[in-house]
1. Any idea what Rg and Dmax come out to for segment 213-376 if you just take the C-alpha atoms, in Å?
2. Quick check: Cα centre of segment 323-361 to Cα centre of segment 93-147, how many Å?
3. Given a cut-off of under 8 Å on Cα pairs at least six residues apart, what relative contact order in percent is computed for segment 213-376?
4. Quick one: Debye curve from the alpha-carbon atoms of segment 320-378 only, equal weights, vacuum; give me log10 I(q)/I(0) at q = 0.19, 0.20 Å⁻¹ to two decimals.
5. Report Rg/Rh for segment 10-56, rounded to two decimals, where Rg is the Cα radius of gyration and Rh the Kirkwood radius.
6. If you fit an axis through the alpha-carbon atoms of helix 60-73 and take the longest principal axis of the Cα set of the chain, what angle between them do you get, 0 to 90°, nearest 10?
7. Using the Kirkwood formula on the Cα atoms of segment 263-315, what hydrodynamic radius do you get, in angstrom to one decimal?
8. With r as the distance between the Cβ atoms of residue 334 and residue 291 and R0 = 30 Å, compute the FRET efficiency 1/(1 + (r/R0)^6) and round to 0.05.
């Protein structure tokens, strides 16, 4: 049996977001119909039908007429609307918040789908009753930000969601464990589907496994955010520089920590060996990975991390922190190296040891990582997993 799936995201996935692209393509190949519900840029996506949420205007008079029109368009769906209002009332939502939720969820309240799947846990907030109101099952995906950051600022944010969701998707065992800690009942059906890699795109023809100070190029691809542990990474590299080890460190990504990281680079006297390249086109990422020897991901917390998978697929030697999901991504001393987080001295020592590791051992680790990614984290396996998810 095939279903009609409504996938809810803030905006259509771009080419680099293979997780969503691959999921949509896999479901369509299996005969499922996929409709994308987004808040912005609906016209920029043509892989599936895309419906955009009502926009909110800053002008009060314009918003009044927009709201009036949205409520008029919902009249043919009055039974759904009345049920939604009743459910909101039973949850003790204020009248004002209920009205906001009706407006913001109007495109979903008109939907005819079998499954309404929110691509991020935070996307389901204030939409908890939509699926029941339209007679659909509700699925929610949880990733790093949903679990590691948002609930810290908004305690109890998922309490209502836990009572409404039919099935939960988590990208790692760690993420699933955290959902239980935040209150998800073990009676709710769950499934772990990890990120996957396009092994045809992320592949390297390099066969030289030598790693010397003349070729010690380290790469990180990450948001410039405190949770990525970039300051600790810089401190570790400063220790390497102090003992005379030569290297180049490149960070690709943008974010709110740019200025503080630039300050740290100057304070640690790393200007000559560290560069922040900002956001780069996805098609150029393969080239940066090809030029690197070591991939470093020293995060304080990670749900899983696609970039580490891509680095392994390209044959880079990976050094990561022991942050939860990364321990599922990397098998210590088998497919890479795991170092205790927030310990720059330990990280520096691990990088130094890696530099001096015999070439034969480095080559075994490279090969083991590439084989594991190819066999465990491939796109075809991910496609099959999502088909099973809805069945």
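Just so it is clear, none of the values below were taken in a lab; they were calculated from the coordinates. Every value quoted in this text rests on a predicted model; they were computed, and no experiment measured them. Virtual Cβ from ideal backbone geometry, glycine too; neighbours counted across all protein chains shown.
1. Rg, Dmax (Cα atoms, Å): 14.5, 44.
2. For segment 323-361 versus segment 93-147, the Cα centre distance is 41 Å.
3. 24
4. -0.73, -0.79
5. 0.98
6. 70
7. 13.1
8. E between residue 291 and residue 334, to the nearest 0.05, is 0.75.
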